[in-house]
Amino acid sequence: MSLWRQLTRGLRALAHRQAADQDITDEVSHYLDESTAAFVARGLSPDEARRAAHMELGNTTFVQEQMRGYGWENGVETLLADFRYAARRLRGKPGFALASVLTLALGIGAATAIFSVIESVLWKPLPYPRSEQLVALRHTAPGIHTDNLNISAALYFTYSEENRAFQDVAMWSIGSATVTGLAEPENVRVLWVTHGFLPVLEVQPSLGRSFTAVDDSPHGERTAILSDAWWKARFGGDPSVLGRRILIDGNATEVIGVLPPSFTFMDQPFSMLLAQRLDRASVPLISFCCQGIARLKSGVSLAQASADVARMIPMAPLRFRLNTGASAAGYRNTRIGPNLRSLKEELVGDIGRTLWVLMGTVGMLLAIACANVGNLLLVRADGRQQELSIRAALGAGWTRIARELLLESALLGIAGGATGLGLAYAALRVQAAFGPARLPRLHEIGIDHMALAFTLAISLAAGLLFGLIPVWKYARPRLSEGLRGGGRSQSASKERHRARSVLIGVQVALALVLLVGSGLMIRTFQALRRVHPGFSQAQDVETFRISIPSTQVAGPEEVIRTEEAILRKVEAIAGVQAAGMVNELPMEGSSNHPLYAQDRAPQEGSIPPIRRYRMFSPGYAGAVGSRLIAGRDITWTETYGQSPVALISENLAREWWHDPRAAIGKRIRTALTDDWREVIGVLEDMHDDGIDQKAPAMVYWPLWQKNWAGPGYVTRSVAFVVRTPRAGSAGLRRELEQAVASVNASLAVADVKTLETVYDRSLARASLTLVLLAIAGGMALLLGLVGIYGVVSYSVSQRNREIGIRLALGATFGEVTRLFVRHGLAVSAIGAACGIAAALALTRLMQSVLFEVSPADPLTYAAASAGLILAAAFASYLPSRKAARVDPVEALRLE
Amino acid sequence: MDEPGTDLIQGTLDMLILKTLSLGPMHGFGIGRRIEQVSRGVFKVNPGSLLTAFQRLERMGWLDSEWRLTENGRRAKFYSLTRSGRKRLEIETANWNRRASAIARLLRTEG
């Protein structure tokens, strides 16, 4: 009650200062009148009475001041006055203020940007209710050498029916479909889901309803739930779309719902959800097709859920029929086990390590910025030393002076923070627009209240940090020295330089750490660029995808004929040197299956390790620029004849037969009941999992198969690979679309891009780290050099008299210059030594983002230190030339 | 201030103001005058302390104030006791009585 009154009265007094003042003046004057009247009543003359009343009251102004001085709002007023004073002083030195604010803005802006990325990507929960309960159902299978197996339909049904740990279980996979009958045929991305998908996420369509078990059965009507964006783009957001039937891959499909605008899933772009419509009765045991997700019952831990999954895995073989040709023992020996992860972990992956390296980098940049501004403040405080001493001598308490100095730096900090926030916002917008880094959850990144709080906190902390340096030097409760010596610029004492030299040393050390960091990233990048990806001149390769639904082209041979016809049209386009087809582009596919070799019979009942499969057309290897190490390419005759032939990668050939040439004529197959297929060629290794990963062993099969237990016996969705110098041009794109349309007008061209974008994406993380570290390192170097320049130059100006004396006594210019260069070099050498030690400790944390370079790479350290010392020598030499230009007569006469 | 018998005992001014106002609203000078009169001139109140005390007591929520006309037609700031001020007065009075009687006892036993 009383506190509330204190607050409201105080605020009222603050807001209506004049009225409050008037009130007090009136009251005092009334008091005087009454008092006078009382004295008159006692018999004094009016004049005497007034004098007596004034005597009794004392100093009127003093009384009014005392009355006014009560209340917390007066403290605020003094503080505001101090702030105004600080702001005025900063305005008086716009150069200093601008330099400090910009330096800080850079440091704070970078830190804020990276912080909001870390916060949005790593910390923020996924955008579903109680998202911490969501898990990705992955598996391990040590028997086939993988710890990241997806889920099979058989396991999905088993889990749905038998689990004790989950609220809901669902399966999803991403694919594409062709929508016809609306406008141009359009190839859209589709999320194929089981009916538990939206319930698992606890998401309701914003319009219409979710899938039911009937929608999800092969006997129900085909149904679709549209994404908000696609609904708006194709149907203008018309709610009457519900119940309408659209043709998807030639099948009439009823629209039953529209997703909320905010709905996203695993960073997958998609236009609609379609039900998987699996037939429980005919699903075979080995049917790994999809990704599994589930929502844990509340109170169930990941470990308990894993135990539950482990319990259910052996149930599947009892309920589902074994695939023809597979052996029960073989399935058992894959030793499938649970590998459950939180859905967020599954999405975010290991980007955290990169982000923390970046956070460390910008943290160091911020520290350097602080040191730099601290240095500027020191110089300023030095200039004000006399003023401060006089004020202290006149009775200003040291707390009061300290408060003033701190307010000034806090003001700088806040101004820097505000500018930095703007920079961070701009940087994040740029990042979102160009997306060089391909971060997970990119669309969720933004500056929210937590990032704002972080910015405010680091701005104030930075302000206090560098503000304390001059306070510690000048506002300690001992000030008389300043008065004694301040007026005359005698030769500066060592003490006065120490603080600045320490700051410069710190800056140099931090700059060296960042330089070493960027050096290591440059070496990493070089190493990555040196890796031959398994294709060549990716900038000259254009790619696009088409999918041929069975409702449009029924027979498998017709599919191949259509694909070949398109390929021929593409080859005829001006400037096209080579073209081919493949089911998945390099670095984009991950379809893994076991592979048997005739002369390397696996032990009875065991399944051989899984290999990466690709389906390809004649000419693909040439178009993508993959070298044929041995043997030959396949032919169209073999493709149409479903000939039992295949190509393999060099590493697989060496693993099994030690020599690529020895592999030719060997026989392989994908299952025990398959035909044997002859290896007719060996292609060079492809870094299919990314440049920094080992090249997986690969097998290339023709597009159409006979007696085949592997994936898809005819390939209906193919990526075209077109080698031409015109890659990436709009003209080529138009001609490609015409080529496709001239063969079949209802086929849609999708996902047009050059192979280079695919390649760059695999370097994206390394480039992001490199660019940021290089910027930070460059800035750090620049700030450090400016600092050294400033210190030496200041020292020259302070020691003018000494220089004069030295020159007068016969010192040469060279000797005087050397004196100052030595000073600058000594400071930076000590800084560099500390920097090397710090770098050795800190760069170990970078290990995870480095590639084929040691964190203690001697070359990088040597180059960074040498470069830094050279630059430091230069930065000290420039100002020291001023010393040599000192005229001894002038310098001595000045005093 | 140096005259004997005119000093207010530290901390009693607030109580005396509250007590005076418990009889009814009054302006500053009147309050001071009243304290002097009732105490038969034992307490002479310093006007500066008095005016400052009003600020404090009002902020504490024990007094309300209002500009009104006096009997002789002049504008004056009248103070009145709030409910929490009344409670405060009870507490202070009780405290004072306890202390005063304790001191009286001490003086008796010594004498």
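Note on chain B: with a GNM built from Cα contacts shorter than 10 Å, the maximum mean-square fluctuation among B:Leu81, B:Leu21, B:Leu13 falls on B:Leu13.
Here the calculated FRET efficiency for A:Glu387 and A:Trp472, from their Cβ-Cβ distance with R0 = 25 Å, stands at 0.90, rounded to the nearest 0.05. If you line up the long axis of helix A:73-92 against the longest principal axis of chain A, both from Cα atoms, how many degrees apart are they, to the nearest 10? With rounding to tens, the tilt is 80 degrees. Calculated FRET efficiency, A:Asp689 to A:Ser742, Cβ-Cβ distance, R0 = 35 Å: about 0.40 to the nearest 0.05.
Full-extension gain between A:Leu322 and A:Lys706, please, as 0.36 nm times their residue separation minus the C-alpha to C-alpha distance.
Working it through step by step, the gained length comes to 136.2 nm.
With springs only between Cα atoms under 10 Å, which of B:Gly32, B:Gly61, B:Gly48 fluctuates most in a Gaussian network model of chain B? The residue with the greatest mean-square fluctuation here is B:Gly48. Computed over region A:776-894, the convex hull of the alpha-carbon atoms projects to a mean area of 8.1 nm². Near B:Leu89: Cβ cut-off under 13 Å, other residues only, Lys/Arg at +1 and Asp/Glu at -1. The net charge is +2. B:Lys87: which aspartates and glutamates have alpha carbons under 14 Å from its alpha carbon, excluding same-chain residues fewer than 8 sequence positions away? In chain and number order, the partners are B:Asp14. Convex hull volume per residue, computed on the Cα atoms of the protein assembly as shown, equals 302 Å³. Using a simple spin-label model with pseudo-atoms 7 Å out from Cα toward Cβ, A:Leu782 and A:Asp599 lie 6.4 nm apart. In this structure, B:Arg74 and A:Thr60 have a Cβ-Cβ separation that, at R0 = 22 Å, corresponds to a calculated FRET efficiency of about 0.75. Pairs of Cα atoms nearer than 8 Å and 6+ residues apart set the relative contact order; for region A:284-367 it is 38 percent.
For region B:22-95, the set of GluC sites (Glu not before Pro) satisfying both a DSSP loop assignment and a count of at most 16 other C-beta atoms within 10 Å is given as B:Glu71.
Of all lysines in the structure, those lying under 22 Å Cα to Cα from A:Lys124, and not within fewer than 8 positions of it along the same chain, are A:Lys297, A:Lys344.
A DSSP coil position with no more than 14 other Cβ atoms inside 10 Å describes the following trypsin sites (Lys or Arg not before Pro) in region A:540-602: A:Arg600. The mean sequence separation of alpha-carbon pairs under 8 Å and at least six residues apart, normalised by the residue count of region B:45-111, gives a relative contact order of 21 percent. When only alpha carbons of region A:606-739 are considered, Rg and Dmax amount to 15.9, 53 Å. With one equal scatterer per alpha carbon and no solvent term, the Debye-computed log10 I(q)/I(0) for region A:1-62 at 0.18, 0.23 1/Å reads -0.70, -0.86.
Cross-link partners for A:Lys473 among the lysines, with Cα-Cα distance under 26 Å and sequence neighbours closer than 8 places in the same chain left out: A:Lys93, A:Lys494.
Summary value for chain A: 15 percent relative contact order, contacts being C-alpha pairs under 8 angstrom separated by 6+ residues. Chymotrypsin sites (Phe, Trp or Tyr not before Pro) within region A:674-742: which are DSSP loop residues with at most 13 other Cβ atoms inside 10 Å? When the chymotrypsin sites (Phe, Trp or Tyr not before Pro) of region A:674-742 are filtered for loop state and at most 13 Cβ neighbours within 10 Å, A:Trp676 remain. The stretch between A:Phe83 and A:Thr399 holds 112.2 nm of extra length on full extension. This uses 0.36 nm per residue minus the Cα-Cα distance. If you line up the long axis of helix A:449-474 against the longest principal axis of chain A, both from Cα atoms, how many degrees apart are they, to the nearest 10? Roughly 40 degrees, rounded to the nearest 10. In a fully extended conformation the segment linking A:Leu859 and A:Thr757 would gain 33.6 nm over its present Cα-Cα distance, using 0.36 nm per residue.
Bear in mind that the values in this text are calculations on the coordinates, not laboratory data. Nothing here was measured: the structure is a model prediction, and the numbers come from that model. Methodologically, a virtual Cβ is constructed for each residue, glycine included, from the backbone with ideal geometry; neighbour enumeration extends over all protein chains shown.
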